[in-house]
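> One structure coming up, written as structure tokens, with questions to follow.
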Amino acid sequence: MQKELWKGNEAIAEAAIRAGCRAYFGYPITPQNEIPEYMSKHMPKAGGVFVQAESEIAAINMVYGASATGVRAMTSSSSPGISLKQEGISYLVGANLPAVIVNMMRGGPGLGTIQPGQADYFQATRSPGHGDGHMIVLAPSGIQEAADLIRDAFELADKYLTPVMLLADGMIGQMMEPIIWKETSPLPEVDKPWAADGRDGDGKTHFVSSLRLESDVNERFVLSLKDRYAKIARDEVRYKSIGCENADLVIAAFGTTARIAQSAARKLDEEGLKVGLFRPITLWPFPYDALAEIAARDSVKAVLTVEMNLGQMHEDVRLAICGSKPTPFYGRTGGMVPEPRHIADKVRDILREMEL
Amino acid sequence: MTREMIIAGFGGQGVMAMGKTLIEAGLKEGYNVSWVPSYGPEMRGGTANCSVVISDEPIGSPVVTQPTELIAMNGPSLSRFEPLVEPGGLILVNSSQVENPSCRHDVRCYLVPCMEEAGKLGNFRVANMVMLGAYIKATGAVRMDTIKEMLGAIFYGPKAHLVALNIRALEAGAKYAE
Amino acid sequence: MTQIVYERSAGLQDVDTHYCPGCHHGIIHKLIAEVLAEMDLLDIAIGISPVGCAVLAGNYLNCDFVEAAHGRAPAVATGIKRTRPDKLVFTYQGDGDLASIGAAEIVHATARGEKFSTIFINNAIYGMTGGQMAPTTLIGQKATTAQDGRDPILHGNPIRMAEMLSTLEGMAYCERVCVADIPSLMKARKAIKKAFTLQMKGVGHTFIEFLSTCPTNWGMSPVDAGKWLKSTMCAYYPLGVIKDTTAKEAEK
């Protein structure tokens, strides 16, 4: 298989079509515009549907409609637009509907900037929209992984009847890297007996809804979500740990920041400092146990969280480590991207202070 | 070895295309490559730039903040990025569009009159290829032949005559980096 | 020997509705059900219910339903009809849902000429939440959030959605009807049938506005509510065909 150069946004769109996505609904917002642009051209060729919606709200509700009839559907946006989609995501959760949502994060709050950010971590991992729901959140750190994870996102969405978010940032969306198209065939069709695609032969109707007026019925539903989430947390946690064996310090970082931290780790390695990298790929469910196990190793003096926000995943890192080791933080925010040398400086400072 | 470059200039000078051409050539020669454009309002008429990394190691940060190499296609780009270049690095300046170009003394510097050379070839649009020729000659980052092969794949049919023009542009630029 | 002279339409499920006495939702549901059954569309029909009194429409009509977020039914219907163009797709929305929170969605679905049908129930009030002012509440009409009556200086004037949407190129057929008496009801039934027929021909957006009653929140008896609908509501919202791009063709 040959390596091809792909821009992140376009690779994500192409990967979705290859995976069997047959409906895309979106609205322009930088830095993800290449996704709807690519979809507008290529989705119809694949026999699918592209609609430029009047708003992000409409787009997520179009996804809701398509998914309710059993069609693999997706939307994409960037931070301010994802805020608008929260309503629809909550309804997807409430109606047990699969969907894939791409968030190419930019610096906030408000209109903020169009430069990369990671400050939607809480929004994505704590609770999508209102109510007691979750969605699976996947964080790629490069174009190859973004393309691979899009396929997985559709598979997971159908498997667990849940929205899945690919949480990346403007850097991943805009950059170009070589990738290999590993899977060539679309995902197998999944039987969706619940889909509102017309009555069954015996006249049985389908009613896709998130309304459960009786509180006890609704509680039972939310408890069923809880069971499903426990299963997802048990079976679907993904992460990468690099050089964490005998590491003096472990950096915890996701997405773009993880690869920047890796540059810093390489630089420090040349100086004889052993710095490992722990990179969660599923931000929800978060790999608590794996990180706890690594942090518990004798050599590890501290776990430094690095993010493009003021410390959001940092909370999960602290929950994983539970105070057993120091958990310092370094972040840039508002659209600023951390530099390897500044991360390296921070690591040196931490280790120097700990020696004192 | 890891080359971390910034290529910068006015929108329309072919800055992004230069970066993409380089990473494509790098990929063909088996390197790890990445390209990140500046994006946003500055793309609409202001200065544009891209970060390019060509490396024999896996690429960590694709964002270049301390370039080992800078190509400045205009004055504002030179003033903005020149101070960031690593000591011992390389700067190539499009001297056609920079008044009184001067360079730091702790870097290698080449002045390339891209517009004049492109003008001599009868097509100002190949100014970026003139610069690319100079860059490849100065660094050996990729082989000139790789770029020439790629031109054949880009320009074919009614555009086939552009292959020769672009090759002449590359060679014209190379002379300034000898 | 006994003979069945009247029975529940095959388009309705065998359940009681939760609607108040004198409310027209039940009658309108029945008309839709009868038309779906008569046109043999029950197996391929997908309805989209709103947030509002008709939120449970999927429990009453005997076809597939998808419950939408408040006002988003036209977007949900777009997602459904675009991916399932062979289905009969209709939304069922109230005035708060369609004319207020979902104004953007219905305008753009109509502008795109989405090939589903909208059933718009205009009773000039928020029913489910308890009689608050709607975009279609008439001047002087009392509401729990306009207790001295709607004042155009304070609240603006009521919106004629059918007329407004008919200015859009994507609207193929738009009619305002009511079910307050038998001749009107027969006309309404015809309008639904025409909308569904045109939808299956793929001509563009089809839109039926029903003037409807809400005796509970209007504070009237069902009989008085019917009278008020015909006298007062019809004066501001005239009944009849507002747009029909197929009319000329039909004349030929």
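The values are calculated or read from the model by the stated rules, or taken from the named source; none is laboratory data. Values in this document were obtained by computation on a predicted structure and should not be read as measured data. No Cβ is skipped: glycine too gets one built from the backbone with ideal geometry, and neighbour counts run over all protein chains shown.
> Could you give me the residue pairs with C-beta distances under 8 Å whose first residue belongs to segment B:146-157 and is over 17 Å from B:Gly30 (Cα atoms) and of a type in the set (Phe, Trp, Tyr), whose second residue is modelled with pLDDT of 90 or more and surrounded by 12 or more Cβ atoms within 10 Å (Cβ to Cβ) wherever it lies, and which are 6+ apart or on separate chains?
Once the first residue is over 17 Å from B:Gly30 (Cα atoms) and of a type in the set (Phe, Trp, Tyr) and sits in segment B:146-157, its partners that are modelled with pLDDT of 90 or more and surrounded by 12 or more Cβ atoms within 10 Å (Cβ to Cβ) give B:Phe155/B:Leu162; B:Phe155/B:Val163; B:Phe155/B:Asn166.
> Assigned to a loop (DSSP other than H, G, I, E, B), charged (D, E, K, R) and free of Cβ contacts under 8 Å to residues at least 60 places away in the same chain - does that describe any residue in segment A:69-78?
Looking through segment A:69-78, none of the residues is assigned to a loop (DSSP other than H, G, I, E, B), charged (D, E, K, R) and free of Cβ contacts under 8 Å to residues at least 60 places away in the same chain.
> May I ask you to list the residues in segment A:64-97 that are facing chain C (nearest Cβ under 8 Å) and either farther than 24 Å from A:Asp200 by Cα or of a type in the set (Ser, Thr, Tyr) (or both)?
A:Tyr64, A:Ser67, A:Thr69, A:Glu87, A:Gly88, A:Tyr91 - these are the residues of segment A:64-97 that are facing chain C (nearest Cβ under 8 Å) and either farther than 24 Å from A:Asp200 by Cα or of a type in the set (Ser, Thr, Tyr) (or both).
> While we're here: Which ones in segment A:20-30 are crowded, with 24+ Cβ neighbours inside 10 Å and either assigned to a loop (DSSP other than H, G, I, E, B) or more than 14 Å from chain C (Cβ to nearest Cβ) (or both)?
If the condition is that a residue be crowded, with 24+ Cβ neighbours inside 10 Å and either assigned to a loop (DSSP other than H, G, I, E, B) or more than 14 Å from chain C (Cβ to nearest Cβ) (or both), then A:Cys21 is the only one that fits.
> Of the conditions (1) farther than 21 Å from A:Glu145 by Cβ; (2) modelled with pLDDT under 95, A:Arg297 clears all except one; give me its number.
(2)
> Could you tell me which of the residues A:Phe207, A:Phe254 is in contact with a helix residue (DSSP H, G or I) (Cβ under 7 Å, 6 or more places away or on another chain), in the same structural domain as A:Gly133 (by TED's automatic domain parsing) and among the aromatic types (Phe, Trp, Tyr)?
Testing whether each residue is in contact with a helix residue (DSSP H, G or I) (Cβ under 7 Å, 6 or more places away or on another chain), in the same structural domain as A:Gly133 (by TED's automatic domain parsing) and among the aromatic types (Phe, Trp, Tyr) leaves just A:Phe207.
> Which one of these does B:Met18 not meet: (1) more than 21 Å from B:Phe124 (Cβ to Cβ); (2) more than 8 Å from chain A (Cβ to nearest Cβ)?
(1)
> Go over the candidates A:Ser127, A:Ser141 one by one and state the one that is under 26 Å from A:Lys7 (Cβ atoms) and assigned to a loop (DSSP other than H, G, I, E, B).
Values: A:Ser127 fails: under 26 Å from A:Lys7 (Cβ atoms).
On inspection, the qualifying residue turns out to be A:Ser141.
> Still on this structure, I have one more. Only residues that are among the aromatic types (Phe, Trp, Tyr) and surrounded by fewer than 18 Cβ atoms within 10 Å (Cβ to Cβ): list them for segment C:193-252, please.
If the condition is that a residue be among the aromatic types (Phe, Trp, Tyr) and surrounded by fewer than 18 Cβ atoms within 10 Å (Cβ to Cβ), then C:Tyr236 is the only one that fits.
> Do the conditions hold for A:Lys204, that is, is it among the basic types (Lys, Arg), closer than 23 Å to A:Ser76 by Cβ and assigned to a loop (DSSP other than H, G, I, E, B)? Step through it out loud before you land on a result.
Working: among the basic types (Lys, Arg): yes; closer than 23 Å to A:Ser76 by Cβ: no; assigned to a loop (DSSP other than H, G, I, E, B): yes.
So A:Lys204 does not fit the description; no.
> Can you tell me which residues in segment C:25-72 are without any contact (Cβ under 8 Å) to a residue 40 or more places away in the chain, within 19 Å of C:Asp97 (Cα to Cα) and not basic (Lys, Arg)?
C:Gly26, C:His29, C:Leu56, C:Ala57, C:Gly58, C:Phe65, C:Val66, C:Glu67, C:Ala68, C:Ala69, C:His70, C:Gly71
> Could you tell me whether segment A:187-200 includes any residue that is under 28 Å from A:Lys85 (Cβ atoms), more than 14 Å from every other protein chain (Cβ to nearest Cβ), at pLDDT 95 or above and touching a Gly at 6+ places or on another chain (Cβ under 6 Å)?
Yes, that holds for at least one residue.
> Looking only at segment A:197-241, which residues are in contact with a Lys or Arg (Cβ under 9 Å, 6 or more places away or on another chain) and within 30 Å of C:Leu88 (Cβ to Cβ)?
Those that are in contact with a Lys or Arg (Cβ under 9 Å, 6 or more places away or on another chain) and within 30 Å of C:Leu88 (Cβ to Cβ): A:Asp197, A:Gly198, A:Thr205, A:His206, A:Arg212, A:Phe221.
> Sticking with this one: Please state which of the following conditions A:Gly108 fails to meet, knowing it meets all the rest: (1) more than 14 Å from every other protein chain (Cβ to nearest Cβ); (2) in contact with a Ser or Thr (Cβ under 6 Å, 6 or more places away or on another chain); (3) at positive phi.
(3) is the only condition that A:Gly108 fails.
> List the helices (runs of 4 or more DSSP H) inside segment C:123-223, counting only whole elements, that have at least 3 residues being touching a strand residue (DSSP E or B) at 6+ places or on another chain (Cβ under 7 Å).
Correct list: C:161-166, C:182-201.
> Taking the condition more than 11 Å from chain A (Cβ to nearest Cβ), in contact (Cβ under 8 Å) with a residue 24 or more places away in the chain, surrounded by 24 or more Cβ atoms within 10 Å (Cβ to Cβ) and under 21 Å from C:Val179 (Cβ atoms), does C:Leu12 pass?
No; evaluated as a whole, the condition is false for this residue.
> What is the one condition in (1) crowded, with 23+ Cβ neighbours inside 10 Å; (2) touching a His at 6+ places or on another chain (Cβ under 9 Å); (3) over 16 Å from C:Ala162 (Cβ atoms); (4) not hydrophobic (A, V, I, L, M, F, W, C) that C:Asn123 does not satisfy?
Checking C:Asn123 against (1) crowded, with 23+ Cβ neighbours inside 10 Å; (2) touching a His at 6+ places or on another chain (Cβ under 9 Å); (3) over 16 Å from C:Ala162 (Cβ atoms); (4) not hydrophobic (A, V, I, L, M, F, W, C), the one that fails is (3).
> Which number in (1) outside any helix (DSSP H, G or I); (2) exposed (fewer than 13 other Cβ atoms within 10 Å of the Cβ); (3) not aliphatic (A, V, I, L, M) marks the one condition that B:Pro158 misses?
For B:Pro158, the failing item is (1).
> I would also like to ask the following. For segment A:293-329, which positions are surrounded by 17 or more Cβ atoms within 10 Å (Cβ to Cβ) and of a type in the set (A, V, I, L, M)?
A:Ile294, A:Ala295, A:Val300, A:Ala302, A:Val303, A:Leu304, A:Val306, A:Met308, A:Met313, A:Val317, A:Ala320, A:Ile321
> Related question: With the requirement that a residue be in contact with a Gly (Cβ under 7 Å, 6 or more places away or on another chain), in contact (Cβ under 8 Å) with a residue 60 or more places away in the chain and surrounded by fewer than 22 Cβ atoms within 10 Å (Cβ to Cβ), what does segment B:3-31 give you? Full working, then the answer.
Of the residues in segment B:3-31, the ones in contact with a Gly (Cβ under 7 Å, 6 or more places away or on another chain) are B:7, B:11, B:15.
Add one more test, that the residue is in contact (Cβ under 8 Å) with a residue 60 or more places away in the chain, and what stays is B:7, B:15.
None - no residue of segment B:3-31 is in contact with a Gly (Cβ under 7 Å, 6 or more places away or on another chain), in contact (Cβ under 8 Å) with a residue 60 or more places away in the chain and surrounded by fewer than 22 Cβ atoms within 10 Å (Cβ to Cβ), so the list stays empty.
> Now for a different question. Given B:Val63, B:Val107, B:Val53, which one is modelled with pLDDT of 90 or more, under 21 Å from A:Glu339 (Cβ atoms) and away from chain A (no Cβ under 14 Å)?
B:Val107
> When only residues in segment C:17-75 that are small (Gly, Ala, Ser), part of a helix (DSSP H, G or I) and under 13 Å from A:Leu211 (Cα atoms) count, which is nearest to the other protein chains (Cβ to nearest Cβ)?
Across segment C:17-75, the extreme among qualifying residues is C:Gly58.
> Restricting the search to segment A:330-348, which residues are surrounded by fewer than 17 Cβ atoms within 10 Å (Cβ to Cβ) and not in a loop (DSSP other than H, G, I, E, B)?
Within segment A:330-348, A:Arg341, A:His342, A:Asp345, A:Arg348 qualify.
> Still on this structure: Go through (1) within 13 Å of another protein chain (Cβ to nearest Cβ); (2) surrounded by fewer than 21 Cβ atoms within 10 Å (Cβ to Cβ); (3) out of contact with any Leu (no Cβ under 8 Å at 6 or more places or on another chain) and name the single condition A:Lys45 misses.
(1)
> In segment A:282-325, how many are assigned to a helix (DSSP H, G or I) and at positive phi?
Number of matching residues: 0.
> Output the number of the condition that A:Met39 fails; it satisfies all remaining conditions of (1) within 14 Å of chain C (Cβ to nearest Cβ); (2) under 24 Å from A:Thr113 (Cα atoms).
A:Met39 satisfies all of (1) within 14 Å of chain C (Cβ to nearest Cβ); (2) under 24 Å from A:Thr113 (Cα atoms) except (2).
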